[in-house]
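Student: One structure follows; several queries about it will come next.
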Amino acid sequence: MTDLRCNSQRLWNAHTAMAVFGATPSGGVGRLALTDEDRQARDLFVTWAREAGCEIRIDGVGNIFARRAGTNPAAAPVMTGSHLDTQPLGGRFDGIFGVLAGLEAVRALNDADVHHEKPIDIVCWTDEEGSRFGDGCLGSSAFTGGRTLAETLAMTDADGLSVGSELQRIGYAGPEPVGGYAVDSFFEVHIEQGPILENAGLQIGAVEGAQAATVYEITITGEEGHAGTLPMTLRKDAMRGAAEMIHRVDDVAFEFEPYPVITVGHVRVRPNSRNTIPGQVVFTIDSRHPDTETLAAAGARMVAICEEVSNTQGLGLSINVKGHRDSVAFDTQCIQAVRDAANALGIPHMDIYSGAGHDAIYLARTCPAGMIFVPCEDGISHNEAENARPEDLAAGTDVLMHALLARAGRV
Ligand SMILES: [Zn+2]
């Protein structure tokens, strides 16, 4: 039954309608979690899902579940979905595509009057991006026991507003328990957010897993002093130490094969004044690699470099590991279900690794999980210019729909 396809135009129109909520002047979307814009997107999704015949449930952390019933109501659900929130200056496809693909799959199954044994749930996970409350994947993490509901609700944003109070305010503090029940499997379709599929000229990536990631915070302490009066030979300039560390830490990537990705993206300087020698510099290192042990080896090299530089320059140093996750391998049957669906549809595909974090990585802790990637233009994401082709979104949705049907047991 590979003639069963989604409606590409309807899928595209749904993206256009959703992109209104939080639209930025440059054509992107800024829709932070639990804002009025997030509420508007949630409301429209719920309306559409109800119109498609789905039953809606909302849990205590605001995750939305829209269920297309199966013939066996007692069966554990097959889930699909992603997130509605974006970065402050994000795009029109990151996250929302995974939600709208699930919705379009249900609409297409309705059109074709196709039924399945297990229920299919379309999920909107709360706050995947982590731009507002300090950490990402709040909804999927709470659902899979990574963080308790109480801890999640108590998290606050820069204005001191909590997840719990903001959920109440937008009307999405739901009555359903958070997780704690069996899930048959979870599939998430997402734009790749990188250039690999586009460069390969392929529409589908069967995602094998996600990279290990470690984030370090490096604090260098020197001595503040007058930029005009303190001779160069007497200085303890924290910025000079930071500059050498940052340059050499970046080069560590090229000591390993395949390369890890290493990014210093955040720097704070004290007092951050033109004519004062910096007394303290704090910077972060975001490091990722598909293999946890290789990443640890790269981390040890970076730590050794920072220690060497601080010793040579007579600077104070402290290194904190701010976050770590091991690499995640997705379920072999779920990966195969994606490949099989693409083969049946005649869509060329490749296996690929995820460089980014996703809700599916959390779901993989508690149920068989897999992901489907489609290309995005020039690999650009977390950017207002983020773009994807309608035909690629449709291909990803078709593969998702057939993988869901295979898992849910077509009747
Ligand atoms: Zn995303």
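The values are calculated or read from the model by the stated rules, or taken from the named source; none is laboratory data. Treat the numbers as computed from the prediction; the structure is a model and nothing was measured. Cβ coordinates were reconstructed from backbone atoms using ideal geometry, including for glycine residues, and neighbour counts include every protein chain displayed.
Student: Given the structure, is I120 touching a residue at least 40 places away in the same chain (Cβ under 8 Å) and either more than 17 Å from Q193 (Cβ to Cβ) or buried (at least 18 other Cβ atoms within 10 Å of the Cβ) (or both)?
Tutor: Values: touching a residue at least 40 places away in the same chain (Cβ under 8 Å): yes; either more than 17 Å from Q193 (Cβ to Cβ) or buried (at least 18 other Cβ atoms within 10 Å of the Cβ) (or both): yes.
Spelling it out, I120 is indeed touching a residue at least 40 places away in the same chain (Cβ under 8 Å) and either more than 17 Å from Q193 (Cβ to Cβ) or buried (at least 18 other Cβ atoms within 10 Å of the Cβ) (or both).
Student: Looking only at the range 5-19, count every residue that is part of a loop (DSSP other than H, G, I, E, B) and surrounded by fewer than 22 Cβ atoms within 10 Å (Cβ to Cβ) and tell me the total. Before the answer, list the steps.
Tutor: Of the residues in the range 5-19, the ones part of a loop (DSSP other than H, G, I, E, B) are 5-7, 19.
From what's left, surrounded by fewer than 22 Cβ atoms within 10 Å (Cβ to Cβ): 5, 7, 19.
Qualifying residue count, the range 5-19: 3.
Student: Out of curiosity, is V61 under 23 Å from G396 (Cβ atoms) and either touching a residue at least 40 places away in the same chain (Cβ under 8 Å) or in the same structural domain as L167 (by TED's automatic domain parsing) (or both)?
Tutor: Values: under 23 Å from G396 (Cβ atoms): no; either touching a residue at least 40 places away in the same chain (Cβ under 8 Å) or in the same structural domain as L167 (by TED's automatic domain parsing) (or both): yes.
Considered against the rule, which asks whether it is under 23 Å from G396 (Cβ atoms) and either touching a residue at least 40 places away in the same chain (Cβ under 8 Å) or in the same structural domain as L167 (by TED's automatic domain parsing) (or both), V61 comes out as no.
Student: Answer yes or no as to whether V264 is surrounded by 17 or more Cβ atoms within 10 Å (Cβ to Cβ) and over 28 Å from the mean Cα position of the chain (by Cα).
Tutor: no
Student: Okay, next question. Checking L202 against (1) farther than 27 Å from P375 by Cβ; (2) part of a loop (DSSP other than H, G, I, E, B); (3) out of contact with any Gly (no Cβ under 9 Å at 6 or more places or on another chain), which test does it fail?
Tutor: (1)
Student: Does E166 satisfy the criteria of being in the same structural domain as D38 (by TED's automatic domain parsing), in contact with an Asp or Glu (Cβ under 7 Å, 6 or more places away or on another chain) and in contact (Cβ under 8 Å) with a residue 60 or more places away in the chain?
Tutor: For E166, the condition - in the same structural domain as D38 (by TED's automatic domain parsing), in contact with an Asp or Glu (Cβ under 7 Å, 6 or more places away or on another chain) and in contact (Cβ under 8 Å) with a residue 60 or more places away in the chain - is not met.
Student: Another question, if that's okay. Out of T229, T214, T219, I need the residue that is over 24 Å from the mean Cα position of the chain (by Cα), assigned to a strand (DSSP E or B), away from the ligand (no atom under 16 Å from the Cβ) and over 20 Å from G81 (Cβ atoms). Which one? Walk me through it before giving the result.
Tutor: Details: T229 fails: assigned to a strand (DSSP E or B); T214 fails: over 24 Å from the mean Cα position of the chain (by Cα).
Criteria check complete, one pass: T219.
Student: Filter the range 350-359 down to the residues that are touching a helix residue (DSSP H, G or I) at 6+ places or on another chain (Cβ under 8 Å) and within 15 Å of the ligand (Cβ to nearest atom) and list them by number.
Tutor: Here is the first cut: in the range 350-359, the residues touching a helix residue (DSSP H, G or I) at 6+ places or on another chain (Cβ under 8 Å) are 350-352, 354, 359.
Answer for the range 350-359, where residues must be touching a helix residue (DSSP H, G or I) at 6+ places or on another chain (Cβ under 8 Å) and within 15 Å of the ligand (Cβ to nearest atom): S354, D359.
Student: Sticking with this structure for a sec: How about the range 20-87: which strands (runs of 3 or more DSSP E) wholly inside it have at least 3 residues that are at positive phi?
Tutor: Output list is empty.
Student: Kindly provide the set of residues from the range 272-286 that are within 34 Å of the chain's Cα centre (by Cα) and of a type outside the set (S, T, Y), ordered by number. I'd like the intermediate steps shown before the answer.
Tutor: Taking the range 272-286 and keeping what is within 34 Å of the chain's Cα centre (by Cα), we get 272, 280-286.
Of everything in the range 272-286, those that are within 34 Å of the chain's Cα centre (by Cα) and of a type outside the set (S, T, Y) turn out to be N272, Q280, V281, V282, F283, I285, D286.
Student: A further question follows. Take the range 178-194 and flag every residue that is over 21 Å from D135 (Cβ atoms) and either among the aliphatic types (A, V, I, L, M) or part of a helix (DSSP H, G or I) (or both).
Tutor: A182, V183, V189, I191
Student: Answer yes if at least one residue in the range 154-177 is surrounded by fewer than 16 Cβ atoms within 10 Å (Cβ to Cβ), small (G, A, S), touching a helix residue (DSSP H, G or I) at 6+ places or on another chain (Cβ under 9 Å) and outside any loop (DSSP other than H, G, I, E, B), and no otherwise.
Tutor: Yes - at least one qualifying residue is present in the range 154-177.
Student: Which of the residues belonging to the range 1-57 are among the acidic types (D, E), modelled with pLDDT of 95 or more and more than 28 Å from D135 (Cα to Cα)?
Tutor: Residues satisfying the conditions are E51, E55.
Student: Related question: Do you know which residues across the range 181-210 are among the charged types (D, E, K, R), more than 12 Å from the ligand (Cβ to nearest atom) and under 30 Å from P119 (Cα atoms)?
Tutor: Selection gives D184, E208.
Student: Of everything in the range 85-136, what is within 16 Å of the ligand (Cβ to nearest atom) and of a type in the set (D, E)? Give them in sequence order.
Tutor: D85, D94, D127, E128, E129, D135
Student: Residues of the range 308-364 being hydroxyl-bearing (S, T, Y) and either within 17 Å of G98 (Cα to Cα) or in contact (Cβ under 8 Å) with a residue 12 or more places away in the chain (or both), which ones?
Tutor: The answer is S310, S318, S327, Y353, S354, Y362.
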